[in-house]
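First comes the structure, then the notes that go with it.
The values are calculated or read from the model by the stated rules, or taken from the named source; none is laboratory data. Note that the structure is predicted; figures quoted are calculated from it, not measured. So basically every Cβ, Gly included, is an ideal-geometry build from the backbone, and we count neighbours across all protein chains shown.
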Amino acid sequence: MALGAVFKDVEAGEIQGEEQMTRIAALAMCVLVLAALPAQAKKLNMVAVPEAQAHCAAEAADGAYCYEWKLVADPALRIVSSGYEDGGSVIVYRRDARGRYRHLAEILPALRDSRYPGQLFWGYSWDIEDIEVVTHGRRIRMMATFDHPELDRMLAGEITTPETRALVLFVGKTTQPEMKLASVRFRELPVDALVSSAP
């Protein structure tokens, strides 16, 4: 029997006594169950890979921090962030059927935190919850840019790096709100352009 019909019967006085109390109790239980259900969660673009698996198993054994995520739309596409207290790297890999990792690009992580609208932060591994991507079928495009102040510093020789790195947009909750980044304009870039689009 539909909940609306039960409410009408009780309200109209057509259900009396013990049956009325039983139906009211059942209605109350339904309301409590519905209220306890979590709101529909936002679908994630990437999910964490357990530290003991794959790439991070060796890193963690060495005392380094290591976080690995796989993209939901293409689980072979992996992002691994690892290092030590004084520095680290974020690398995009493609994992083959045998579990081998092929280096695609080293990136710089920017973090958007909904608690600070309009402000970007450095994307520390432990703060990252998701990545901003646009999918077109099996084609994945990351929200990234090569037009950022950190790149200018690299090109000026203030920061040395073996390659020009794209700044890629992640989402999460910053634990270091003082580590702000300048505002930049992100655009959709396919993974293979994270290196080939560099100036």
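With the structure loaded, tell me whether L111 is at pLDDT 95 or above, surrounded by 13 or more Cβ atoms within 10 Å (Cβ to Cβ) and of a type outside the set (S, T, Y) or whether it fails that test. Taking the combined requirement at face value, the residue satisfies it. Exactly one residue out of A105, A54 is among the small types (G, A, S), in contact (Cβ under 8 Å) with a residue 40 or more places away in the chain, assigned to a loop (DSSP other than H, G, I, E, B) and surrounded by 15 or more Cβ atoms within 10 Å (Cβ to Cβ), and it is A54. Output the residue which, of all residues in the stretch 114-132 that are surrounded by fewer than 20 Cβ atoms within 10 Å (Cβ to Cβ) and among the hydrophobic types (A, V, I, L, M, F, W, C), is modelled with the lowest pLDDT. Here the answer is W122.
Listed here are the residues, each with its yes/no results for (1) at pLDDT 75 or above; (2) more than 21 Å from R165 (Cβ to Cβ); (3) among the polar types (S, T, N, Q).
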position	(1), (2), (3)
A25	no, yes, no
A48	yes, yes, no
E51	no, yes, no
A64	yes, no, no
W69	yes, no, no
A73	yes, yes, no
G83	yes, no, no
R102	yes, no, no
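Once the stretch 162-190 is narrowed to residues that are outside any strand (DSSP E or B) and surrounded by 14 or more Cβ atoms within 10 Å (Cβ to Cβ), the residue that is modelled with the lowest pLDDT is T164. Just one of the numbered conditions (1) modelled with pLDDT under 90; (2) surrounded by 19 or more Cβ atoms within 10 Å (Cβ to Cβ) is not true of L32: (2).
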